[in-house]
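So the structure is just underneath, and the comments pick up after that.
Laboratory data are not the source of any read-out in this text; all were calculated from the coordinates shown. In this text, all values refer to a predicted model and were calculated from it rather than measured experimentally. A quick note on method: Cβ atoms are made from the backbone with ideal geometry, for glycine too, and the neighbour counts reach across all protein chains shown.
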Amino acid sequence: MKKIDSKWLVVVSVLFGTFTVILNNSMLNPTLPHFIEFFDANAVSVGWILTIFMVSMGMTMPLTGYLGDRFGKKKIYLVGLAVFLIGSLAGALSQTLGMIIISRAVQGMAGGLMMPIAMALIFQAFPKEERGLAVGVYGVAAMVAPAIGPTIGGVIIEFLPWNFLFLFNIPFGLTGLIISGKYLLSTEPNRERKFDLTGFILVTFGVGAILFALGRGSTWELLTEPLSVMLMAGGLLTVAAFVFYEQRQTQPLLDLSVFKVPTYSVSIVVTAAASIGLFSGIFLLPLLIQNVYGLSEIQTGLLFLPAALCSGLFMTLGGKLLDKKGPRYVVPPGLLLLAVSTFALGNLKLSTPFWLILLLNTVRGAGLGMSNMPATTAGMNAIPEKLVAQGSAMNNVLRQIFSAFGIVFFSIYYEVRRAQLSTTANLAANEAALQTINEAFIISSIVMVIVVPAAFVLKGQHKKTADN
């Protein structure tokens, strides 16, 4: 039997941990009504189960560059995974809703440590000309977990106590902890690296305030409440102060000079557009299938699974092509495919068959696979090796913010525009919902088309160049 290359064991190791984090979060999405009933709580209180995870994760991510350099990437990743397991056990043993929310905050902080470091560990193990395929394989977890998570969560909440939503993580997390401890490569800690306390306070408050405002802004009324406006304005001003401050530090918490590298900056723009495209589908398609066509939750889950598998396949193929030819042969075609299929979803009718929606969403998955992770890999390849951990942290923070923005924008657009069409155009409820969803998909496709020319700026060291 052929021995597995040690660098691929690194990918397997981080796959276990990050897959568990993403899967657990998506498992909880459809179970919130059960928590409302079980704890006799309102929707706002229970919504904190999801919101606190997103906020605490976003607030922790900026730290990972410093922690990885100062103490070693492997050590920080293992600490993050261990803390996630502690949060899972605490969640399973919780007796009140407040205890569950605290446990989710712990899980979010752990996930914030793990996600950026996982990417940095893969980049450490692979040479530049092989990273596309490696990140593509790793990225499968990010696509498949959200697709199967709601189904697993629904089955657990139907047949088992809710505590198993948290206990489910433990065997996978423990396996990941054992494998990671054995196969991840250790790095030499930089004990001279100083901690930028002021920068940490500024970025933590700024990112946390923005994510908190977006997390509670599911309707226009909530988003325009004085508290939300103050949080958003305060967060943006604090992030601006952070940028101003960091540019004047000799040892900044996050080295913002990476944004002077055109390929890295463009990769952030591309992944932001792809994230908006991804989350427009995650939010709008369940509304389309259930509210417009009156189909079941099982059929909704069926709609996402082929798209996730196709995305994983094309993420791997796109990564391989990225290594051989460079990003220009992968990312722009992927964005165009994503834009065209999303535009097609913006032209549905009440008579459109389910199989056609399934096909279009599967094609969208292929476009996402070719655009999202390959763009990230190209951007990370373009920056100096010593800044990979910090570049990964900033990429993940910005991805988190744009994903939250996408969900908030489309949720508000859906509520406001649907109500407007119902009253002014005298449309039936399902007709108003369909037209609103069509318009939202068209807006999403326009965002992606706008970004396509920028994707041609992406440069990369492909295999032929590396060999020469």
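Determine the gain in length on full extension of the stretch F195-Q290; use 0.36 nm per residue of separation and subtract their C-alpha separation, reporting nm with one decimal.
Numbers: separation 95, 0.36 × 95 = 34.20 nm, distance 5.00 nm.
Difference between extended and current length: 29.2 nm.
With the simple model of a label 7 Å out from the Cα in the direction of the Cβ, A428 to E188 spans 7.2 nm. I'd like the distance separating the alpha-carbon centroids of segment 46-71 and segment 349-414, in whole Å. The distance from the Cα centre of segment 46-71 to that of segment 349-414 comes to 19 Å.
Does a label point 7 Å from the Cα of K324, set along Cα-to-beta-carbon, have any residues of segment 117-151 with amide nitrogen under 13 Å, and which are they? Answer for this model: 133.
Across segment 200-250 the C-alpha pair distances fall into 10 Å bins from zero in the proportions 29, 44, 20, 6, 0 percent.
Which value in Å does the Kirkwood hydrodynamic radius of the chain take, with 1/r averaged over all unlike C-alpha pairs and then inverted? Its Kirkwood hydrodynamic radius stands at 22.6 Å.
In nanometres, what is the gap between the two model label sites at V155 and V79, each 7 Å from Cα along Cα-to-Cβ? Reported label-point gap for V155 and V79 is 3.6 nm.
With r as the distance between the Cβ atoms of L256 and Q420 and R0 = 56 Å, compute the FRET efficiency 1/(1 + (r/R0)^6) and round to 0.05. Could you put the intermediate results ahead of the total?
Numbers: r = 41 Å, r/R0 = 0.74.
For R0 = 56 Å, the calculated efficiency reads 0.85.
Hydrodynamic estimate: the Kirkwood radius of segment 1-185 over Cα pairs, inserted into Stokes-Einstein at 4 °C and 1.567 mPa s, corresponds to D of 77 µm²/s. What separates the Cα centres of segment 120-161 and segment 270-328 is a distance of 13 Å. Hey, if you drop one equal point scatterer on each alpha-carbon of segment 328-468 and run the Debye formula without solvent, what base-10 log of I(q)/I(0) do you get at q = 0.09, 0.17, 0.20 Å⁻¹? For the requested q values the scattering log ratios are -0.38, -1.03, -1.24.
Here the convex hull built on the C-alpha positions of segment 18-78 has a volume of 91 cubic angstrom per residue.
Computed extension length for A233-I446: 74.0 nm, one decimal, from 0.36 nm per residue of separation with the Cα-Cα distance subtracted. When both segment 213-261 and segment 166-196 are represented by their alpha-carbon centers, they are found 29 Å apart.
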